[in-house]
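Take a look at the structure set out below.
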């Protein structure tokens, strides 16, 4: 599947919106959004994270955007591939463009610098019948925010580098990495997933997990294409769904 439009060819810039995902979703439902459309806002009044968690951001300090992906050519059971693509693009950009060390993906969709969260992703899918029609990929990247009073273990590009950045320029650089990762996805899904797994926090190492208030130790063996976490206990692999288990980052 190859689309003529690249991610970020068309960008809608907003000063304030409740949620860029909501705005992009409305455009898709009205038939007004093509593949690759990006909606970016200086501030979200009701930004959302995974499973309804709020995304707290100071006005004009961070990169807040949503992109529209025409996913109709992908198998409906492979929805997690877009999450892998986005995580890889973010992780690779933060490492190579901003030289932030110790970047990892905390399963399923958070980017960490050391033990502090620097970025998060929220993907909302549109299913029509048996067709995975579109995906709205919401991205929040902490850029210039320095204090995170209401969030534990958060950081930003500024906090990690000591430098301030123009959020629109960070966004342009991200478009480059998103397009490269998307091309990788189209050409070789297995390679993209290998790149994703290599960036996973604790990959092929012993990690501590929490399930129903019980702590467990196992070896992180990666994530399946369906997005299931694979942990080895006593030489046997167990799979876990999101929110079934939590990875503890020390």
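The table below gives the values:
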quantity	calculated
Relative contact order for the chain, counting Cα pairs under 8 Å that sit 6 or more residues apart, in percent	17 percent
DSSP-defined beta bridges in the range 66-194 - what % are antiparallel, rounded to 5	95 percent
CD proxy at 222 nm, helix term only [per DSSP H run n ≥ 4: -39500 (n - 2.57); per residue of the chain; nearest 500]	-8500 deg cm²/dmol
Extension gain (nm, one decimal) between residue 163 and residue 183, 0.36 nm per residue minus Cα-Cα	4.1 nm
Relative contact order computed over the range 22-171 (Cα-Cα under 8 Å; 6+ residues apart), in percent	24 percent
Relative contact order (%) - criterion: Cα under 8 Å, at least six apart; region: the range 206-248	38 percent
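Values quoted throughout were computed directly from the atomic coordinates according to the rules given, and no laboratory measurement underlies them. Just so we're clear, the structure is a prediction, and the values are computed from it rather than from any experiment.
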